[in-house]
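What follows is a short report on a single structure.
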Amino acid sequence: MSLLEVITKASANSAQIPSDTNYPIILNPDPILLKLKPQIQDSNDTSLVKRVDGWQISQIDAEIIESGQKFFKSLKRKLNNPVIFNKDEFIGMLNSYLEKNRKKVGISVGLDSSDLGYSCVLIEKLGFTMGGDVIGLILEAGIVFELWEILETLIVHGLVEYSCFSNLIHNLIEKRRSDLVCLCVKYVSDLQASDLLAILMYFLSPPKDAYSTMANVRKEWDIAALSAIEKATDKSLTGKKLGLAKVASILLMIALDGFSVSELCLHYLLASSNLDEAILSFCVSKLDGSQMMGFIRYLGKWLKKYDKFPQAYHSPKFSSSLGLKACEWVPQLEDIVKCLGLVLDEHFSSLVLHPEFHEELMSMVGVINPLSSEARLCCNVANLAESLKTEIKGA
């Protein structure tokens, strides 16, 4: 049987494929692979694919999976009746479950169980022992009991996937947890178009009671900007590293200065890899008139900032060399121009009816014209360089 035939037959027989619920965690492959043996001990067998026997996961993995299944069933049953199920009981269940896993894998936490944040440390250390179904229920309980620190730990440590809890963004917006919504944009890699649209609309027209948690986002940007200034004035830095620190401080300064707290939240969305051109076009098409004008004003601010501070540029070294990770979440000029182009393409015919749009557009013209002239000059220089390279190769 050819390799293609083996693959085709295996994919057609989906009944034999184990589901994710059977193996919800990442298995330790070493004890599994060492026990695998060919079904047929024939040295003359020339087939590309050989069947093997002996598949068996390790005892520790089996116990962790069983423990997760029991915890899932128990927690699901209790969440169905939250009136008699309270926060303290949930924390106790969660800690007990993770403690059992800790003992199985032999990891030290280094914190007393009575300390604040003990549950978060357990999640941080033992998150890999939890399957997606268990994480989904913990997220649900975290929303119900408003255990925001636990939700933050799950999100920041990359334990949250869309398949775990598809209503997470909707619930966080409903609870007005703007800071956690920003964390989802930063750390959850598979957000859906509907989630990104909800986030964009929420930040463009936030309810009055959303600003209290948005203040936490501003604090993060303030701390990042102060850290960048300290780096830029650090006398121990010299040469290229000092130059990088100065540029990074300018970049974070323009990202903070003049932007409202809700616009600071928008920075994360525009800089996110979740927001590709197709999704952005979909999101823009769903905005109403006031949201659209707010978005245009926001993009206009960025154009003026990059025009006023042409020395501001992006570099991965801001994060890798200086530890200024906030620089990764400053939207780049090309992202701003792309967004503005999509907005105008999608809504120009309706926007021209708004007088404030004319004013905003006229204010952008003074910025865009020099940029377009510079772009044409750069294209001419690039074409000249390519021509010279071709001539040198042919000489």
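Using 0.36 nm per residue of separation minus the Cα-Cα distance, give me the extension gain between Phe128 and Arg51 in nm, one decimal. Could you put the intermediate results ahead of the total?
On the way: separation 77, 0.36 × 77 = 27.72 nm, distance 3.03 nm.
In short, 24.7 nm is gained.
Counting alpha carbon pairs within less than 8 Å and at least 6 residues apart, what relative contact order, in whole percent, applies to segment 143-298? Walk me through the numbers on the way to the answer.
Working: 132 pairs, mean separation 42.5, N = 156.
Relative contact order comes out at 27 percent.
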- [ ] Report relative contact order for segment 205-263 in percent, whole number only (criteria: Cα-Cα under 8 Å, sequence separation at least 6).
- [x] 46
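Just subtract the alpha-carbon distance of Glu220 and Gln59 from 0.36 nm times their residue separation and send over the number in nm, one decimal. Don't jump to the answer; show the numbers that get you there.
Details: separation 161, 0.36 × 161 = 57.96 nm, distance 4.39 nm.
Stretched out fully, the Glu220 to Gln59 stretch lengthens by 53.6 nm.
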TODO: Collect residues whose amide H, placed 1.01 Å from N in the peptide plane, falls under 5 Å from the amide H of Val52; neighbours closer than 5 in sequence don't count.
DONE: Gln39
Open item on the list: Whole angstrom only: what separates the Cα centroid of segment 84-115 from the Cα centroid of segment 323-339?
Closed with: 39
Open item on the list: Can you work out the Karplus-derived ³J(HN,Hα) for every residue in segment 133-148? Use 6.51 cos²θ - 1.76 cosθ + 1.60 with θ = phi - 60°, whole Hz, and x for glycine or proline.
Closed with: 5, 5, 4, x, 5, 5, 4, 4, 5, x, 5, 4, 9, 6, 8, 5
Task: Charge tally in the Cβ shell below 13 Å around Leu342, where Lys, Arg are +1 and Asp, Glu are -1, Leu342 excluded - done: -4
Open item on the list: Please give me the summed charge of the neighbours of Ala255: other residues whose Cβ is under 12 Å from its Cβ, Lys and Arg +1, Asp and Glu -1.
Closed with: -2
- [ ] Can you work out the PRE-style zone for Ser189? Point 7 Å along Cα to Cβ, and I want the residues of segment 111-133 with backbone N under 20 Å.
- [x] 124-133
TODO: May I ask you to list the residues of segment 318-334 whose amide nitrogen lies under 20 Å from a point 7 Å from Cα along the Cα→beta-carbon direction of Lys241?
DONE: 318-328
Task: Mean-position separation - Cα centroids, segment 201-268 and segment 125-148, in angstrom - done: 30
TODO: Kindly list the residues of segment 254-297 that lie in the label zone of Lys208, defined by a backbone N under 11 Å from the point 7 Å along the Cα-to-C-beta vector.
DONE: none
Open item on the list: Working only with C-alpha atoms, what are the Rg and Dmax values of segment 229-314, expressed in angstrom?
Closed with: 16.1, 51
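Here, each number is a calculation from the coordinates, and none is a lab measurement. Nothing here was measured: the structure is a model prediction, and the numbers come from that model. Quick reminder, even Gly has a Cβ in these numbers, built from the backbone with ideal geometry, and neighbours come from all protein chains shown.
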